[in-house]
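Step one of this worksheet: look at the structure below.
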Amino acid sequence: TEIEWEWAASHAWSGHQRAFPWGDTFDDTQCLIRDFSDPANPRIVHFGGIPVGFFATGTMPDGPEDMGGNVWDWVSSLQIPWNDTRDRERPGGLDKRGVRGSSWFSREPMATHVSFRLDDPPCNAYWDLGFRIVVRRNVGEN
């Protein structure tokens, strides 16, 4: 879900919630996005995604890796305002779903901020769009 993605990307479980998956300030050495050294002409650094684990500096033990940049992560949640009381986890349909985390093709460096939100309908497919597999353990399991 979108809430789970944001919680994991911000490292909320660690007791120090971060603004970016790797820390509190933007750092282009911790993610794969366009090069914005010339803001008028951002250039693609690497065409396509890279293996997860490439940017291991900002990870926590047993935490998710590379949640900023690389490829946008689909989430199951409908993209509706946070204060909207409708069910955001309705399965099926072509309603837009959230995508989080930015990508190698992103045109906005702040898209790696853990609160940055975009959406796309589930019928779209792009080179810079993917998903994460989440496995939930039963409560009380070691």
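The values are calculated or read from the model by the stated rules, or taken from the named source; none is laboratory data. Everything numeric here is computed off the predicted structure, so don't read it as measured data. All Cβ positions, glycine included, derive from the backbone under ideal geometry; neighbour counts span all protein chains shown. For the accessible areas, the whole protein counts, side chains as well, though only heavy atoms, and no ligand, DNA or RNA atoms are used. Shrake-Rupley method; radii C 1.70, N 1.55, O 1.52, S 1.80 Å.
Going residue by residue through the stretch 1-23, is there one that turns out to be in contact with an Asp or Glu (Cβ under 7 Å, 6 or more places away or on another chain) and among the hydroxyl-bearing types (Ser, Thr, Tyr)? Yes, because at least one residue in the stretch 1-23 is in contact with an Asp or Glu (Cβ under 7 Å, 6 or more places away or on another chain) and among the hydroxyl-bearing types (Ser, Thr, Tyr).
Restricting the stretch 17-51 to residues that are over 26 Å from Gln79 (Cα atoms) and of a type in the set (A, V, I, L, M), the residue that is surrounded by the fewest Cβ atoms within 10 Å (Cβ to Cβ) is Ala40. The single condition among (1) within 24 Å of Asp120 (Cα to Cα); (2) part of a loop (DSSP other than H, G, I, E, B); (3) open to solvent by 70 Å² or more (accessible area, probe 1.4 Å) that Phe54 does not meet is (1).
Checking each residue of the stretch 77-97 against the condition of being touching a residue at least 24 places away in the same chain (Cβ under 8 Å) and under 21 Å from Leu32 (Cβ atoms) gives no match. Residues in the stretch 1-16 that are in contact (Cβ under 8 Å) with a residue 24 or more places away in the chain, open to solvent by less than 40 Å² (accessible area, probe 1.4 Å) and not hydroxyl-bearing (Ser, Thr, Tyr): Glu2, Trp5, Ala8, Ala9, His11. Taking first residues from the stretch 17-37 that are of a type in the set (A, V, I, L, M) and partners that are surrounded by 15 or more Cβ atoms within 10 Å (Cβ to Cβ) and not in a loop (DSSP other than H, G, I, E, B), the Cβ contacts under 6 Å between residues at least 6 apart in sequence or on separate chains come to Leu32/Gly69; Ile33/Gly69. Within the stretch 98-113, the residues that satisfy the criterion of being open to solvent by 30 Å² or more (accessible area, probe 1.4 Å) and in contact (Cβ under 8 Å) with a residue 12 or more places away in the chain are Phe105, Arg107, Pro109, Met110, His113. Evaluating Val135 against the criteria (1) assigned to a strand (DSSP E or B); (2) under 24 Å from Trp22 (Cβ atoms) leaves one unmet condition, (1).
Scan the stretch 114-142 for residues that are open to solvent by 50 Å² or more (accessible area, probe 1.4 Å) and in contact (Cβ under 8 Å) with a residue 60 or more places away in the chain and the total you get is 5.
Look at the stretch 52-70 and say how many of its residues are modelled with pLDDT of 85 or more and over 15 Å from the mean Cα position of the chain (by Cα). Summing the residues that are modelled with pLDDT of 85 or more and over 15 Å from the mean Cα position of the chain (by Cα) in the stretch 52-70 gives 0.
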